[in-house]
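Asker: This is the structure, below, for whatever I ask next.
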Amino acid sequence: MLYLISIVLLIALVVGPSYWVKHIMERYSEPEDRYAGTGAELARTLLDQANLPHVKIEVTDLGDHYDPLEKVVRLTPDKYHGRSLTAITVAAHEVGHAIQDREGYLPLIMRTRLVQLAAPVEKLGAGILMLAPIVVVATRAPIAGALFLAGGLLTLGTSILVHLLTLPMEMNASFARALPLLEQGNHLKPGDAPHARKLLKAAAWTYVSASLMTLLNIARWWAIIRR
């Protein structure tokens, strides 16, 4: 019973933030035509005002993000073409990252480097975890499997480190960059500011949700190894 309760609590801890972020984004996606301009149009306006005419805006299916290497703000179709409060708020958040890049914001620089390092390391970690049971059977030495397991967990855990280290960067993009842009530029309709703050918090916490999902993946591998 205690084991079952622990599993339920872990799932709630992981799924809870992800559900909250999705709920907030969907809640303010209606009405779809609340604003005259689209998320992409607002992003272009804000980038030009920030003296960033060279930063491009593209539509993507890989999630809303700013690419500091390509100098591109990428928005999913519902944000790129959308005219909802969610669309313009998320667009402003990603522009906030572009401004961080222009100013040489250290956490953004660190995150960019960590992400480049984490991707191949995570793949290595997954491979190590898959090989661990085979090593134990082939060598009949439990310590070999333990070493593989430790290495795998550490490498998979790098994504958690990336996400947790970048939370302050995300909060800065939301509340030190995007919110002032929206409020001072009078881009929000009367009464929308409190809701925009919720959306900006959700945009920042997307990475925490992702890190918790990685934690669940590590727990799944741990259960497989222990069998």
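Asker: Among (1) within 14 Å of the chain's Cα centre (by Cα); (2) under 17 Å from residue 175 (Cβ atoms), where does residue 85 come up short?
Answerer: (1)
Asker: How do the helices (runs of 4 or more DSSP H) wholly within region 78-182 filter down when requiring 2 or more residues that are at pLDDT below 75: which remain?
Answerer: Answer list for region 78-182: 106-139, 142-171.
The rows are residues; the columns are (1) surrounded by fewer than 18 Cβ atoms within 10 Å (Cβ to Cβ); (2) out of contact with any His (no Cβ under 8 Å at 6 or more places or on another chain).
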position	(1), (2)
28	no, no
44	no, yes
49	yes, yes
57	no, yes
63	yes, yes
86	no, yes
93	no, yes
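The values are calculated or read from the model by the stated rules, or taken from the named source; none is laboratory data. Since this is a predicted model, take the numbers as computed values, not measurements. Don't worry about glycine lacking a Cβ; one is built from the backbone with ideal geometry, like all the others, and counts go over all protein chains shown.
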